[in-house]
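The values are calculated or read from the model by the stated rules, or taken from the named source; none is laboratory data. Please read all numbers here as calculations on a predicted model, not as lab measurements. We place every Cβ from the backbone using ideal geometry, glycine too, and count neighbours over all the protein chains shown. Just the protein is used for accessible areas: all its heavy atoms, side chains included, with ligands, DNA and RNA removed. Shrake-Rupley method; radii C 1.70, N 1.55, O 1.52, S 1.80 Å.
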2 protein chains.
Amino acid sequence: MIRIFEWIFCVFFGFSAVWGLVFDSFMVYPKWLYPEFVPKVLVWYTEHYKDPLPLNPPEWLQAFAWCEQLFLVPFSFVAAYAFYKGKQRWIRIPSIIYATHVLTMMVAYMYHLFMHDFSKQKYPGPTTSEERQRLITTILPFGIIPVLLLVFMVKEENYGMHGHFTHVPRHHSPSRRSERIAKRD
Amino acid sequence: MIRIFEWIFCVFFGFSAVWGLVFDSFMVYPKWLYPEFVPKVLVWYTEHYKDPLPLNPPEWLQAFAWCEQLFLVPFSFVAAYAFYKGKQRWIRIPSIIYATHVLTMMVAYMYHLFMHDFSKQKYPGPTTSEERQRLITTILPFGIIPVLLLVFMVKEENYGMHGHFTHVPRHHSPSRRSERIAKRD
């Protein structure tokens with residue numbers, strides 16, 4: 001069962017890393033760096049879903065786009081590998097931090113799309129509440145995996161724990177932890 | 001040493017809870033709820049530091065203000081109590097989530113103050129780069145404790161662990177963990 005989740009997270013991080021590097025990076029890097037298909041896809045998305053943010057990111061979104069390029073994209077490659085290998089205990093806390101950061105960002109993104117007055121903008125934005133709802137229900141699913149990752153890692157307090165002791169006899173397995181605890185007392 | 005950190009976090013959360021409830025809530029709740037001194041303090045802050053955001057929050061900041069009222073303020077009261085008692089293991093992961101959320105929010109706040117064109121706004125904003133830098137160096141210290149909390153809790157993997165076993169003989173201490181691990185194998 002845990003292996004299924006790990007595969008889901010592996011695919012998610014692989015996808016996120018590539019998407020972040022190719023498309024989201026367009027928000028912060030010079031435009032001439034990009035092959036033609038990148039702005040084409042973004043313009044199509046903007047016009048089709050009426051989401052003006054990726055082509056015209058406000059400052060708060062630029063801040064998150066920089067965070068993504070500097071931390072999230074490199075981390076996503078590492079995390080994809082960690083979940084491919086499986087039972088990597090060290091990925092637990094970074095995953096919780098990653099998921100919290102992404103969900104925080106998404107709350108601002110959703111709220112902005114739901115509440116902002118887009119009438120004075122260069123690119124078309126949602127105006128009616130139907131358009132806002134349709135756009136939000138398009139983006140919301142991208143939050144499902146981060147929520148799943150967060151809940152999974154918070155609950156799996158011993159994630160990857162027995163992975164460390166694969167070649168150690170069963171009755172010895174918790175010894176390192178108990179040694180560490182004993183030392184501190 | 002750990003007790004010193006716990007006292008710092010206790011005071012920080014107590015202060016955050018009260019500040020969030022009294023001042024930050026002004027961004028989202030009806031204005032008639034507030035005694036006169038609340039808008040007075042906020043107007044003084046806005047004019048003195050040239051930070052127009054608390055009196056005129058953009059949508060992304062309103063989103064974070066709602067998060068604060070719904071989750072962060074109640075959590076801060078609980079966390080202040082947990083750090084007052086000390087060695088509460090269950091506060092470790094919520095603390096990491098709290099700190100990540102607050103720091104994510106602060107990155108957007110700082111970047112907005114540093115980059116946004118405030119010339120068309122109702123309230124005075126920073127315009128010269130000196131004014132921007134002064135404002136940011138005023139706000140930045142509020143991020144120090146969240147960074148400290150995050151680093152402390154990530155590093156203290158066994159935070160509050162031996163607290164659970166105070167009345168149990170030493171050689172039994174890791175037994176609950178090892179039983180749980182054994183059951184899963």
Pairs returned, first residue in segment B:147-176 that is within 21 Å of A:Met161 (Cα to Cα) and open to solvent by less than 90 Å² (accessible area, probe 1.4 Å), second residue that is at pLDDT 55 or above and among the hydroxyl-bearing types (Ser, Thr, Tyr), beta-carbon separation under 7 angstrom, 6 or more apart or interchain, are B:Met153/B:Ser95; B:Met153/B:Tyr159; B:Ser173/A:Ser178; B:Pro174/A:Ser178
Taking segment A:82-108 and the residues there that are touching a residue at least 24 places away in the same chain (Cβ under 8 Å) and of a type in the set (Ser, Thr, Tyr), the one that is nearest to the other protein chains (Cβ to nearest Cβ) would be A:Thr100
Checked against (1) more than 18 Å from B:Gly125 (Cβ to Cβ); (2) buried (at least 16 other Cβ atoms within 10 Å of the Cβ), B:Pro74 satisfies every condition except (2)
Note: among A:Trp90, A:Trp66, just one is farther than 30 Å from A:Glu157 by Cβ, at pLDDT 95 or above and out of contact with any Ser or Thr (no Cβ under 6 Å at 6 or more places or on another chain), namely A:Trp66
Of A:Leu61, A:Leu53, the only residue that is in a loop (DSSP other than H, G, I, E, B) and within 18 Å of the chain's Cα centre (by Cα) is A:Leu53
Counted residues in segment B:99-141 being of a type in the set (Phe, Trp, Tyr), more than 28 Å from B:Val151 (Cα to Cα) and at pLDDT 90 or above come to 1
Restricting attention to segment B:82-137, the residues that are assigned to a helix (DSSP H, G or I) and exposed (fewer than 15 other Cβ atoms within 10 Å of the Cβ) number exactly 10
B:Tyr29 fails exactly one of (1) open to solvent by 20 Å² or more (accessible area, probe 1.4 Å); (2) in a helix (DSSP H, G or I); (3) at pLDDT 95 or above, namely (2)
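Would you be able to say whether some residue in segment A:25-43 is aliphatic (A, V, I, L, M) and under 21 Å from B:His101 (Cβ atoms)? Quick ask: steps written out before the conclusion?
From segment A:25-43, those aliphatic (A, V, I, L, M) are A:27-28, A:33, A:38, A:41-43; that's our starting set.
Next cut, under 21 Å from B:His101 (Cβ atoms) only: none.
No, the conditions are met nowhere in segment A:25-43.
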State whether the residues of segment B:1-13 include one that is more than 11 Å from chain A (Cβ to nearest Cβ) and assigned to a loop (DSSP other than H, G, I, E, B). yes
Here the qualifying pairs (Cβ atoms under 6 Å; residues six or more apart or on different chains; first in segment A:51-62 and more than 13 Å from chain B (Cβ to nearest Cβ); second surrounded by 20 or more Cβ atoms within 10 Å (Cβ to Cβ)) come out as A:Pro52/A:Gly125
